[in-house]
Amino acid sequence: MFSHHHPDIALIDEQGPLTRRALRAAVTDRATELFATGLRPGDRAVIFRPNGRAWVVDYLALAELGAVSVPLNAASAPDEIRHAAHDSGSVLILTANGPSPPPPGPPHSPATDFTAIATLAYTSGTTGRPKGALQSQEAVRLGGENIARRLALGPGDTVLSPLPLAHTYGTNVLNAALCAGAALVLLTRFTEDAVAGALRRHRPSVLAGVPTMYRRLLACADLPLESVRCSLSAGQPAGEQLARDWQDRSGAVFAEGWGMTELAGLASLTPADDPRHPGTSGPPVPDARVRTGEDGELLVRAPFVTSGYLGSPESTARVLMPGGELRTGDVGEVTADGGVTVLDRLKDVILCGGYTVYPAEVERVIAAHPSVAAVAVTAMPDAVRGESPRAWIATAPGRAADEAAILAHCRAHLAPYKIPRRTTFLPELPTTAGGKVARGRLPR
């Protein structure tokens, strides 16, 4: 068993433990191999591997060379790989079968200086083709350091992460563990059984996940959480109820963060020693300023804000204001003491008969019903109100699709205009690579 009492361990995956010395040696060897292929500082290389030590070694070797990582989820389709490789001007694709040239296609030579760029992170592409957000070396470093500091990570900690490394949040957790000297337990993918097994074997002190993962774990009868002192949640708003339920179940602080690809990490995060405001994303991290703009949109000024999207000046101009302030596209509130509460995506807000409905609020209420495994709420046309909420629900194993019971639950917790006017049950809901429910991929 490898636990937080083994500070010489850097990484644990399905192959077993890897010491810090062994990891450093593997990274140096890999950097030498990649240099021999002709890879040089500023060159781009796609990382297309499943979670595990090989992914980490490739990522760190590219950083050692001053090359730029282009992480892609291991489930990416061939067209997605082709687009990212050509759009980024990548010279290599790093896979389990070894480095290979990008697939045939039109060459692309970005007129961008990549010498200070660490990662080219492609967005989910919900509004069209995925765009490559430029993440600087300083931004990536701060993304890891800010998590490490807020969670008080140190060499005595073990962090359990089922997050995809190709997602900015997953990379942040990796960098946080590395810079703090903590051990990182990597799962190939999230399942309740995989998390429970890792909790028993490795007794982590910190668990990282997204709200959907925590909801699924709450449904597990036997979950050994005695070693966990802090649970990190990001990717989408968790809500006060989930935060309280998880803290009551685990006895661990529920530290919620808020960030995005364009920030190379988190803009705000609950400190591990201050769980007084469950359901909020805590104060801004050091050097970040968060305020609300028009329509309640959260705006961020920080040294880790992206410099833009590769080859897309129009998209860049839509999110970067004069002076470099980022329009996040999230609606939220900032309290007098600086605490950030995220309500929803601005584009997803439902305007219902003069009222504003935040789908995330309705989702949190419905998700609390015991028969619900996953839920998404979207807008549907309404001849009287203009728009009304519609719920898409996947039921929990062994539970019936009982619309009447769910609507009764909604009536007990929501104003009438927030209650879904239509409910559709599906076997499962589509999710993003980061584990969030993808509203944009629901049937139309």
Report, by residue number, each residue of the stretch 271-310 that is modelled with pLDDT under 90 and buried (at least 17 other Cβ atoms within 10 Å of the Cβ). Ala272, Pro275, His277, Pro278, Gly279, Thr280
Val140 vs (1) touching a Lys or Arg at 6+ places or on another chain (Cβ under 9 Å); (2) among the hydrophobic types (A, V, I, L, M, F, W, C); (3) at pLDDT 95 or above: all pass except (1)
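Looking at the stretch 242-270 only, could you name the residues that are part of a loop (DSSP other than H, G, I, E, B) and crowded, with 17+ Cβ neighbours inside 10 Å?
Correct list: Ala252, Ala264, Thr270.
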Might you let me know whether the stretch 138-151 holds any residue that is under 16 Å from the mean Cα position of the chain (by Cα), over 22 Å from Gly42 (Cβ atoms), in the same structural domain as Glu64 (by TED's automatic domain parsing) and assigned to a strand (DSSP E or B)? no
Residue check, Ala194 within 19 Å of Thr431 (Cβ to Cβ), in contact with a Leu (Cβ under 6 Å, 6 or more places away or on another chain) and in a helix (DSSP H, G or I): yes
Restricting to the stretch 215-235, name every residue that is surrounded by fewer than 22 Cβ atoms within 10 Å (Cβ to Cβ) and under 28 Å from Leu142 (Cα atoms). Ser227, Val228, Arg229
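Within the stretch 92-112, can one find any residue that is under 22 Å from Leu186 (Cα atoms) and touching an Asp or Glu at 6+ places or on another chain (Cβ under 7 Å)?
yes
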Filtered residue count, the stretch 168-214, keeping only those that are of a type in the set (D, E, K, R) and within 20 Å of Pro50 (Cα to Cα): 3
Unique match (being among the aliphatic types (A, V, I, L, M), in contact (Cβ under 8 Å) with a residue 60 or more places away in the chain, surrounded by fewer than 16 Cβ atoms within 10 Å (Cβ to Cβ) and more than 24 Å from Gly143 (Cα to Cα)) among Ala96, Ala111, Ala22, Ala75: Ala75
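Of everything in the stretch 52-68, what is touching a Lys or Arg at 6+ places or on another chain (Cβ under 6 Å), in a helix (DSSP H, G or I) and β-branched (Val, Ile, Thr)? Give them in sequence order.
Val57
Yes/no matrix, rows are residues, columns are (1) closer than 21 Å to Glu240 by Cα; (2) free of Cβ contacts under 8 Å to residues at least 12 places away in the same chain; (3) part of a helix (DSSP H, G or I):
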position	(1), (2), (3)
Ala373	yes, no, no
Pro381	no, yes, no
Trp392	no, no, no
Gly440	no, no, yes
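The values are calculated or read from the model by the stated rules, or taken from the named source; none is laboratory data. Because the structure is a prediction, the values reported are computed rather than measured. Cβ atoms come from the backbone with ideal geometry, glycine included; neighbour counts cover every protein chain shown.
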